[in-house]
Amino acid sequence: VVGLAGEPYFLLASKEGGSIEKYALRAECTHLGCLAPYRPEVAKFVCPCHGSEYDKQGKVLRGPAPRNLELASVEVLEDGRIKLSEWTGQDFRDAASDAV
């Protein structure tokens, strides 16, 4: 989908099914900005330019990408439209790695 300033974002299916996650991932690799599509055969987002890999939540698994994929908040409006807004919360992916 088109994001906050026209950049591409991925909407993600919720684990519960039938809905989408409350966050979207910016589709651009944090290394040099190439599009990093999801590759279901390896269950990762993979940048075709330099090989960076991200898990299903956009966390860097392999560089040269220096950061996780950027987040945006997702809201499903009453009329079914989807609204993206700036992510203002803590990056839950960092908290998960700190707990390990």
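A Förster radius of 25 Å combined with the Cβ-Cβ distance from V1 to F92 puts the calculated FRET efficiency at roughly 0.75.
Ligands, DNA and RNA left out, the accessible area of segment 1-94 computed with a 1.4 Å probe is 52% carbon and sulfur.
Placing +1 on each Lys and Arg Cβ and -1 on each Asp and Glu Cβ, with no other charges, gives segment 1-55 a dipole about its Cα centre of roughly 40 debye. Computing FRET efficiency as 1/(1 + (r/R0)^6) for S85 and R62, where r is the C-beta to C-beta distance and R0 is 35 Å, gives about 0.75. Relative to the Cα centre, the charge distribution of segment 11-100, modelled as +1 at Lys and Arg Cβ and -1 at Asp and Glu Cβ, gives a dipole magnitude of about 280 debye. Think of a 1.4 Å ball rolled over the protein heavy atoms: the chain then has 62 Å² of accessible area per residue.
For the pair E16 and E78, the difference between a 0.36 nm per residue extended length and the Cα-Cα distance amounts to 20.4 nm.
Under the combined filter of DSSP loop state and at most 15 neighbouring Cβ atoms within 10 Å, segment 1-32 retains these trypsin sites (Lys or Arg not before Pro): K15.
The values are calculated or read from the model by the stated rules, or taken from the named source; none is laboratory data. The shown structure was predicted, so the numbers you read here are calculated from the model rather than taken from an experiment. Reconstructed Cβ throughout: ideal geometry from the backbone, glycine too, with neighbour counts over all protein chains shown. Accessible surface is based on the protein model in full, side chains and every heavy atom, while ligands, DNA and RNA are left aside. Shrake-Rupley method; radii C 1.70, N 1.55, O 1.52, S 1.80 Å.
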